[in-house]
1. Return the only residue of A111, A118 being exposed (fewer than 13 other Cβ atoms within 10 Å of the Cβ), touching a Pro at 6+ places or on another chain (Cβ under 9 Å) and at pLDDT below 70.
2. Has the range 60-67 got any residue that is farther than 26 Å from S160 by Cα, open to solvent by less than 30 Å² (accessible area, probe 1.4 Å) and modelled with pLDDT under 90?
3. Between residues in the range 137-159 that are in a loop (DSSP other than H, G, I, E, B) and aliphatic (A, V, I, L, M) and residues that are surrounded by 10 or more Cβ atoms within 10 Å (Cβ to Cβ) and at pLDDT 90 or above, which pairs lie under 7 Å by C-beta distance while being six or more apart or on different chains?
4. If I filter the range 325-353 down to residues being modelled with pLDDT of 90 or more, surrounded by 14 or more Cβ atoms within 10 Å (Cβ to Cβ) and not charged (D, E, K, R), which single residue comes out as farthest from K379 (Cα to Cα)?
5. Tell me, yes or no, whether the range 273-295 has at least one residue that is at pLDDT 95 or above, in contact with an Asp or Glu (Cβ under 6 Å, 6 or more places away or on another chain) and closer than 17 Å to Q225 by Cα.
6. Which of the residues that make up the range 342-388 are β-branched (V, I, T) and farther than 22 Å from Q433 by Cβ?
7. Would you mind telling me which numbered condition in (1) closer than 30 Å to N60 by Cα; (2) of a type outside the set (A, V, I, L, M); (3) surrounded by 13 or more Cβ atoms within 10 Å (Cβ to Cβ); (4) at pLDDT 70 or above S138 fails?
8. Test L300 against the criterion of being surrounded by 22 or more Cβ atoms within 10 Å (Cβ to Cβ) and in a helix (DSSP H, G or I), and give yes or no.
Amino acid sequence: MLQGYIDSISPDKLSLSGWVQLGEKGEEPALRLESGTECAGVTHFGAERPDVRSARGVANVSFTLTLEDPVQPEQLISKAHQVTAEVNGAKSFIPLGGNAYHRMLADFVKAAAAVPGARKAVLDALDAKESTLATHLSEVRKTAEAGELSFLGFPVGLRSSDDIAQIGMDGHLFLTGGSNALRDQYPEPGTAGQEAKLEATASKWAAVISDNVRALGELEIPFLQVVIPEKLTALRHLAPLPIPGPTPLFRRLDELMADEPRYLSFLQLFENWTGELSAWQKNDTHCSPAGSLAMAKALLAALPGCDQQALDHVELSDIVYRNGDLAGKFFDIPLWDKQYVPGPEVFAGSEIKLVHSYSPGHFVGSHNIWANDAAPIKKKIVVFGNSFFGAVTSPTRLSWWFARLFSEYHLKWENNVDLDYVKDVRPDYVVSQTIERFLIRPPA
């Protein structure tokens, strides 16, 4: 999914300006204003925005989308009309932000507020919001990190302004939308065509996994394919919408791979969770340190020759308060979550060194290698995965554990096994990992 923002709208409502991320090969996306089946707009691209590159680390380009007819505030606010960016057939929605959002909302209120006094009250509130809470964040960061928090009540089901996330029960935030339309993946197939498509996708995954098992078996390298369920699936009793179980595609893949020992689904691990600590962060799409620790233990148990006792001594004894990746989608400010993390004595002797790092300007395609001479497992492991491995700085990610467990740890942010790379580095183990929502896009 391409990132982007509409920062400003001209007074005559004929020009929308902002920035958009470039494609993986540096290509400019096709931008248009979509309303139902109709598209409109001519795009002029400008220079890269250095503020975006600094804040988000992505290659980007500024743009102005010029329209023949003025855009209507109520259509943009309700998302009946949306700006889309398309590269190689993949479409992303570019949301309103900053002054553009406030201008559209203010114009809508001016036109729609008929109740005496309502217009002034709402406009006054909008003026107050121009000085956002984010501007005061630095003043209170220390109190937040110390756990001095105040809790407010929000209705279950409340959606973020970009319709990507929703508030669930017990303060949990859930990813429900996004470029993979997550909430739409849960209904059972309603037609023979949908059923055939699901079966074809699951079968393609099964074939890719079997090919990888065979190819790595010929290289005499133990392989493991890992699938992690969505937080929405694992915590469906707290979800903001009815979730009957895993997505039909995930369930079908589990059925097809039931007899494959090199396939590891974490669905049962989280559905049967009995730990005292939650397996998931409240304000994030990823697991808590407790959830990641449980997955790390299961991975060691499934990799032959690994020291399964390497994690027996780990206790989550310290408390920290952290922001999450879903929090800012609601209020543009961090929301803090209490987490139990390993104390400083855990892996105290580790000397983790980043010996190779490559980033194309976005996460997908990045490649990092860490070395740790003091690691308890004197093995080399290569992982093809995504953000559930992520960086080595937080025990909410599996990379934190792997960089401390293995003497050499490679992470390539890809959805398939690169056999040429495996042949070059000759690791002791290979792991391929994905997440439930990405199953709709099987590897080539």
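The values are calculated or read from the model by the stated rules, or taken from the named source; none is laboratory data. Here the structure is a predicted model, which is why all the values come from computation and not from measurement. Here Cβ is always computed from backbone atoms with ideal geometry, including for glycine, and neighbour counts include all displayed protein chains. Only protein heavy atoms, including side chains, enter the accessible area calculation; ligands, DNA and RNA are left aside. Shrake-Rupley method; radii C 1.70, N 1.55, O 1.52, S 1.80 Å.
1. A111
2. Yes - at least one qualifying residue is present in the range 60-67.
3. V156/I167; V156/G168; V156/M169; V156/P240; L158/Q166; L158/I167
4. Per the stated criteria, the residue is L326.
5. No, every residue in the range 273-295 fails to be at pLDDT 95 or above, in contact with an Asp or Glu (Cβ under 6 Å, 6 or more places away or on another chain) and closer than 17 Å to Q225 by Cα.
6. Selection gives V346 alone.
7. Among (1) closer than 30 Å to N60 by Cα; (2) of a type outside the set (A, V, I, L, M); (3) surrounded by 13 or more Cβ atoms within 10 Å (Cβ to Cβ); (4) at pLDDT 70 or above, S138 violates only (3).
8. no
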